[in-house]
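Read the figures in this text as sums done on the coordinates, not as results from a lab. Quick caveat: nothing in here was measured; it's all calculated off a predicted structure. Virtual Cβ from ideal backbone geometry, glycine too; neighbours counted across all protein chains shown.
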Amino acid sequence: MIQLVRPTEAMKEQAIEFRQEFFEHGEFVINGSELFDKTDDYTEWCRATDANTKEETVNPNWVKFPDDRRSYTEGKQECIECLLKEADVWKSKLF
């Protein structure tokens, strides 16, 4: 059975190994990881994931435009452009 748990400092080594396994297999985006694939500071990432569980401390970029698709997309434009570049690289390797 899969059990989902919040990250802790005690899990740091396992978490970093988990992330490295993705990277070693050419997966540089870990969907659903709350940007763990983009961080260099595990402790800060743990603090951020904890803050995102509370309405008063959640990162405003996570919920800033719940009913406005255009503003939401514009707010994520940098991420979208990065993903499109990664997709182009992946596509070029296939063909």
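Within 10 Å, at most 16 other Cβ atoms, and a DSSP state outside H, G, I, E, B define an exposed site. Report the longest part of the chain free of exposed trypsin sites (Lys or Arg not before Pro). Longest gap between qualifying sites, sites excluded: 1-53. Straight Cα distances below 20 angstrom link Lys85 to the aspartates and glutamates Glu24, Glu27, Asp37, Glu74, with same-chain residues fewer than 8 positions distant left out. Computed on the chain, with alpha-carbon pairs under 8 angstrom and 6+ residues apart, the relative contact order is 17 percent.
Within the chain, helices built from complete DSSP H runs that reach 20 Å or longer along their own axis (Cα positions) and carry a mean Kyte-Doolittle hydropathy of -1.0 or higher are 77-94. Sorted largest first, the principal axis extents computed over the alpha-carbon atoms of the chain equal 43, 36, 29 Å.
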